[in-house]
Amino acid sequence: MTNLTARISVHPDPAAPVVNPNIYGHFAEHLGRCIYEGIWVGEDSDIPNTRGIRNDVTEALRAINIPVLRWPGGCFADEYHWMDGIGPREARPGIYNSHWGGVVETNHFGTHEFLDLCEQLNTAPYICGNVGSGTVKEMQDWVEYMTSDSNSPMPNLRRKNGREKAWKVPFFGVGNESWGCGGNMRPEYYANEYRRYNTFVRTYSDNKIYRIACGANSSDTNWTRVLMENAHTQMNGLALHKYTLIKNTWPPSGSATEFGEAEWFDILDQSYQIEPLIESHIAEMDRVDPERKVGMVIDEWGTWMAVEPGTNPGFLYQQNSLRDALSAAIHFHIFHRHANRISMANIAQTINVLQAMILTDGPRMLRTPTYWVFEMFKVHQGGTTVPLTVESDSYSYESTSIPAVSGSITISDATYVSLVNTDPNRAATVTVGLTGVSFDEGRVLVGDSITAHNTFDAPDHVSPRAFKAVTETDGGFLVELPPASVAILTFR
Ligand code: AHR
């Protein structure tokens, strides 16, 4: 079979936007085995840990440079009462986790434990406050407890609980999915609630807060319009949630690892579809805020499939294959293209839930194919984007076509080129019109089938390998990209 072809023309512009590192952010909710077992095992666990947080997981996460971590939810955030999660652990009251699996939350992982995790990961905390079932006072007290250096009751309670120095909490969300699990509010009502709660998210000491309003569900541009019109001067970021589902249909269906080419194609097609959706929300934001002062914060995104057979449906535990890796890479290329509006994105979720980086099984853990995309693409964090024209042959399945090749280039200490070939049947010959640089090194993520994934017995089955199929030609480089692959190339 002949190779498909693609040509990437570059239009370097020093004024082009920078990829905010926070686009490579994460999300960890009290849901299933994300926090308990995935992160928190407790100080007495046989699993090696630092103050109760498992070491194998923090070591793996440090290697992907997580810039920001959103917590404690998700839907859980709007029924979380932070005071239940401070003080001696054995005295903390439990709470019924009504959203996720009907389990009793012990509150053993609370504010101190989360902020310790962030310090262990060198990650900025993004805390989501409770608007749905919490009070303004509760939210105000939480911010003061964490960030104030003063000699007043909240910081003194923090000191009594073992933390002298105030933490920095640079990102704070005022409610989650307030149109749904966060309170079923109408946008006009939430806009008022946002204004009220946000007023009491105070700046203490020198902690500067980037305020994030709850954003739209998927294609609901009316939510974005109403929030921008009524509250944009009081927010720094407006959220958006967009999950990638088979046939873009709720409830989620389809196995994460047992699928054919139809489902492979569909998920990659749906991944490309997030771009017009983002553009429709940006158009609403631009009408009110043409200077782009308010950032778009895509604080939940990723694939959402049926849970693994035999697991609690409320735990949202899914495996992760090469298909997820390509989907993530396509998302990042889209986020880079809109770097002048997107200030943050948080994949859902970090461990054992939805499109996870890491899966655990008792003391064992594995890195998923999605993890490897975050690891390979971390060089894009903070890079200046290079405007591109990508002319690609199509990858067609039945009567639908998508671009076979997706690409992105950023410049920082080197020139980094990432490429995706969505076609599982044909290699791609890609001409990259870069001049004045030399090829240094490359890595590629491929599998032995479209469903390739890692298991606890073969945790490195899908992992990056060295890639050298790059040759210099007149006016650029030729890259021979294998079928169904993601590559990262360094030019210096
Ligand atoms: O990520 C799982 C859930 O998806 C979150 O709790 C919620 O915000 C969204 O509906």
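The values are calculated or read from the model by the stated rules, or taken from the named source; none is laboratory data. Computed from a prediction, not measured in an experiment: that's the story for all the values here. As a convention, Cβ positions derive from the backbone with ideal geometry for all residues, glycine included, and neighbour counts pool all protein chains shown. SASA here: full protein model, heavy atoms, side chains in, ligands and nucleic acids out. Shrake-Rupley method; radii C 1.70, N 1.55, O 1.52, S 1.80 Å.
Descriptive notes on the structure:
- Alpha-carbon centroid distance for the pair region 467-483 / region 396-440, whole angstrom: 10
- Approximate shape of region 86-157 as ellipsoid semi-axes (Cα gyration tensor, √5λ), whole Å, largest first: 22, 16, 14
- For Tyr36, neighbours were defined as the other residues whose beta-carbon sits under 13 Å from its Cβ, and their charges (Lys and Arg +1, Asp and Glu -1) total -1.
- With a Förster radius of 25 Å applied to the beta-carbon distance between Glu59 and His108, the computed FRET efficiency rounds to 0.70.
- Stokes-Einstein translational diffusion, region 54-186 - Kirkwood Rh over all Cα pairs, 0.890 mPa s, 25 °C, in µm²/s: 157
- Per residue, the chain exposes 37 Å² of solvent-accessible protein surface, assessed with a 1.4 angstrom probe and all protein chains in place.
- Using distinct alpha-carbon pairs, which all enter the 1/r mean, Kirkwood radius of the chain in Å: 23.1
- 3J(HN,Hα) from dihedral phi, region 110-122, Karplus parametrisation 6.51/-1.76/1.60, rounded to Hz, x for glycine, proline: x, 4, 5, 5, 5, 6, 5, 4, 4, 5, 5, 8, 6
- Taking only protein heavy atoms and a 1.4 Å probe, the accessible area of region 299-448 is 47% carbon and sulfur.
- Antiparallel DSSP beta bridges within region 1-111, as percent of all bridges there, nearest 5: 65
- Bridging of Lys160 to lysines at a Cα separation below 24 Å is possible for Lys137, Lys168, once same-chain residues fewer than 8 apart are set aside.
- In range of the label at Asn340: residues from region 379-410 whose backbone nitrogen is under 16 Å from the point 7 Å along Cα→Cβ: 384-389
- Put a plus charge on the Cβ of each Lys and Arg, a minus charge on the Cβ of each Asp and Glu, and nothing anywhere else: the dipole of region 115-167 about its Cα centre is then about 140 debye.
- In range of the label at Ala458: residues from region 345-370 whose backbone nitrogen is under 17 Å from the point 7 Å along Cα→Cβ: 366-370
- Pair Asp474, Ser253: separation of 7 Å Cα→Cβ label points (nm): 5.4
- Longest segment of the chain lacking GluC sites (Glu not before Pro) that sit in a DSSP loop with at most 13 other Cβ atoms within 10 Å: 44-163
- Isolated cysteines of the chain, defined as having no other cysteine beta carbon under 4.7 Å away, are Cys34, Cys118, Cys128, Cys214.
- Relative contact order of the chain, pairs being alpha-carbon contacts under 8 Å that are 6 or more residues apart, as %: 19
- Here's the picture: a label point sits 7 Å out from the Cα of Arg159 along the beta-carbon direction, and within region 110-133 the residues with their amide nitrogen under 19 Å of it are 112.
- Considering only beta bridges that DSSP places wholly inside region 21-381, some 25 percent are antiparallel.
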